Amino acid sequence: MHGGIVVTVEADLVRVESRLAAGKVGCPGCLGVLRPWGWARPRGVHGIVGVLRPRRARCADCLVTHVLLPVTLLLRRAYAADVIGAALLARAAGRGHRWIGLAVGVPAVTVRGWLRVMAGRLEATRLGLWQVAHRAGVDIAVPEALGCPWRDLLAALGAATVAVTGRFGPLGVLGPVTAWQVAVACSAGRLLAPGWPPAGLGGAGNTSRL
């Protein structure tokens, strides 16, 4: 996305519009609220029906513009979060990028890129997801180490999903909340973005937008 900071919001566009009009979408950079400010360019996303045209919003106080990215998508990725999640899940099961590409209908070189990025941040992401699970305020057990960083990551994501759905409910505005939607919310859409995860990951996202 270009022309502003990305803010993760729910996938229900009608609800997003309603909250924007009511001044209920906070600016991530200050204490102001976001107001409607046009639209980002339309684009097709593999795994999402129809053409996506994300909403733009502008802070009434600091005047910074933002792109409102639905929780079903990651920043700068042309594939739905659940498609990318399926690829990461297959990697944790021991599959290679060529096999995964055929299985999820994505070019192998694209899958290889996802896996390389994720491989460099497995532990940091695992710890951040565990922070989110802990901060959700739900009593959950610490996942046991499984001897594989990829499987350990998925265990942490599972714990975060249980904690988040335990606090906010298992259904989002468009149906059941998936683990990969939780990952998007926890990372503010930046799960595979450069420079992520930051220090203090547990507060980076907004899991209430599921």
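The values are calculated or read from the model by the stated rules, or taken from the named source; none is laboratory data. Just so it is clear, the structure is predicted and the values come from calculations on it, not from any experiment. Note: ideal-geometry Cβ built from the backbone for every residue, glycine included; neighbour counts use all protein chains shown.
Being more than 30 Å from PRO149 (Cα to Cα) and free of Cβ contacts under 8 Å to residues at least 24 places away in the same chain holds for only one residue in GLY29, GLY44, GLY38, and it is GLY38. Would you confirm, using the coordinates I've provided, whether VAL106 is part of a loop (DSSP other than H, G, I, E, B) and not basic (Lys, Arg)? Criteria met by VAL106.
Within segment 10-27, the set of residues being crowded, with 16+ Cβ neighbours inside 10 Å and at pLDDT 85 or above comprises VAL16, ARG19, LEU20, VAL25, CYS27.
Tell me which strands (runs of 3 or more DSSP E) are completely within segment 1-79 and hold 2 or more residues being over 22 Å from LEU192 (Cβ atoms), or say none if there are none.
Result: 34-39, 55-59.
Restricting ALA119, ALA108, ALA103, ALA136 to residues that are among the small types (Gly, Ala, Ser) and at pLDDT below 95 narrows the list to ALA136. Across segment 28-41, the qualifying residues are those that are under 14 Å from LEU69 (Cβ atoms) and modelled with pLDDT under 90, and the one among them that is surrounded by the most Cβ atoms within 10 Å (Cβ to Cβ) is ALA40.
The set of residues in segment 1-48 that are of a type in the set (Ser, Thr, Tyr) and under 20 Å from the mean Cα position of the chain (by Cα) contains only THR8. The selection criterion, being within 15 Å of LEU13 (Cβ to Cβ) and either outside the structural domain of GLY189 (by TED's automatic domain parsing) or buried (at least 19 other Cβ atoms within 10 Å of the Cβ) (or both), holds for VAL45.
Whenever a residue of segment 106-122 is crowded, with 17+ Cβ neighbours inside 10 Å, its partners that are part of a helix (DSSP H, G or I) and among the hydroxyl-bearing types (Ser, Thr, Tyr), lying with C-beta atoms within less than 8 angstrom and at least six residues away or across chains, give the pairs MET118/THR125.
Does at least one position in segment 53-63 carry a residue that is within 21 Å of VAL106 (Cβ to Cβ) and of a type outside the set (D, E, K, R)? No, there is no match, as no residue in segment 53-63 is within 21 Å of VAL106 (Cβ to Cβ) and of a type outside the set (D, E, K, R).
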